[in-house]
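Here is the structure we will look at.
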């Protein structure tokens, strides 16, 4: 890795007063496309190592939707084995996993909740969709016969998966067609505001450690987004007039809804996720301004965009790569200052200057850590800092902390490496600097232990 190391002068770049000999390290930044947890070009119902439409683009998140009958075919028998396997597949593909649970659809089946729910006496409604002859059935969500087992499902999912290092975020679903919080063109009324609020609250309580996003049309959720750290999701990015000549989501709904709900700053605490309306091929066919659409998502501080794992139109790859470099967080270590020598058991000051070159903060609680390795044949020494990356806003962040080398460390010359560690202690986050080792660590300097 190329970097500049020089003796500290009277004035040091990061504002750390030099009490002895020290070094300043300036890593070399990279414009490489990065696949990081919680950011980027999301795959849909497949993983990055299966998605041919990526065509070499990185993807940090795999997103799936499940109907309730898939997750609980028999009452109380949850499909944990399936979900465990999908979390493991995401990890092997270099991704994290996000999901939504649905109770109503318009595919080939008549019903999308478990059969035992209806036969057990849950009331419901028959509906059609889009003028077709096919009929579907949805439960009455205000009924205790629905709420009791569905809330139990939500609690069971949270008990098993909240805080899981491979779980990226949970999309509050349950209500409406495809859990989009509407029953358009069905003739069925939405559940009461009280029931809607109860379901939002259940998802939030089940996943206190995992980021949770709510549909932008879910008013009981959006009303508390900024206050309670809820992120939000919109499923029709790019609609510039595909449904109506006089109304579209981009011009007439998303910004207005954020203003109405007082959620303009919700992105500071919870992620923003977009899904393309149709997919980008429709945008190109309609000759809509693709740069404007993607910049719209960036302007609203999006962390992920889901193009339904559809191919991107010819001639648009440059725009997609440009947006990937800014979606979510992109962490650049701009400079590091540390003493030239460390004394065992005695705290020494380390100072860092970081830049988040993305449009949103990380929502993960990964910890900043240093590693000393290669000193006189001794084992590597891990030193975890107090600093966590969660909430590092776009722009610069200064970190100044004391580092103490354990007394058990052998004296000698060590390579100094840096990484951001998840709850497993693994370096999942890729930095926008050069020098990443095969183990995920970045060797940034050398230090002597005395």
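The numbers here are math on the coordinates, done by the rules we state, and not lab data. Keep in mind the model is a prediction, meaning the values are calculated, not measured. A quick note on method: Cβ atoms are made from the backbone with ideal geometry, for glycine too, and the neighbour counts reach across all protein chains shown.
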query = Say we join alpha carbon atoms closer than 10 Å with springs in a Gaussian network model of the chain; which of 125, 66, 99 then has the biggest fluctuation?
reply = 125
key: Computed FRET value (nearest 0.05) for residue 398 with residue 251, which takes r as the C-beta separation and R₀ as 51 Å   = 0.80
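Tell me, in nm to one decimal, what length is gained between residue 119 and residue 53 on full extension, where the rule is 0.36 nm per residue of separation less the Cα-Cα distance? Before the final figure, lay out each step's value.
Details: separation 66, 0.36 × 66 = 23.76 nm, distance 4.18 nm.
Separation in residues times 0.36 nm, less the Cα-Cα distance, equals 19.6 nm.
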message = Taking the 0 to 90 degree range and rounding to the nearest ten, how far is the long axis of helix 144-161 tilted relative to the main principal axis of the chain, both from C-alpha atoms?
response = 20 degrees
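Between residue 295 and residue 344, what's the calculated FRET efficiency when r is the beta-carbon distance and R0 is 35 Å? Round to 0.05. List each step's numbers first, then the result.
Numbers: r = 52 Å, r/R0 = 1.49.
The pair residue 295/residue 344 has a calculated efficiency of 0.10.
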message = Need one number: % antiparallel among DSSP beta bridges in the chain, to the nearest 5.
response = 60 percent
message = Report the Cα centroid-to-centroid distance between region 286-313 and region 77-119 in angstrom, as an integer.
response = 26 Å
request  = In nm, give the distance between the simple-model label positions of residue 184 and residue 310, each being 7 Å from the Cα along the Cα-to-Cβ direction.
outcome  = 1.5 nm
query = If we count other beta carbons within 10 Å of each Cβ, what is the order of 183, 280, fewest first?
reply = 183, 280
remark   = Mean separation of Cα contacts under 8 Å (at least 6 apart) over the residue count of the chain, i.e. the relative contact order in percent, is 16 percent
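With all pairs of different alpha carbon atoms counted, what Kirkwood hydrodynamic radius in Å does region 40-324 show?
Details: mean 1/r = 0.0512 Å⁻¹.
This gives a value of 19.5 Å.
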ask   = With r defined as the distance between the Cβ atoms of residue 426 and residue 448 and R0 fixed at 45 Å, what FRET efficiency is calculated, to the nearest 0.05?
value = 0.95
inquiry  = Sequence gap at least 6, Cα distance under 8 Å: using those rules, report the relative contact order of region 297-410 to the nearest whole percent.
reply    = 28 percent
query = So how tilted is helix 80-92 from the main axis of the chain? Cα-based, degrees 0 to 90, rounded to 10.
reply = 40 degrees
ask   = Once every DSSP H run of n ≥ 4 in the chain is given -39500 (n - 2.57) and the sum is divided by its residues, what mean residue ellipticity at 222 nm do you get, rounded to the nearest 500 deg cm²/dmol?
value = -6000 deg cm²/dmol
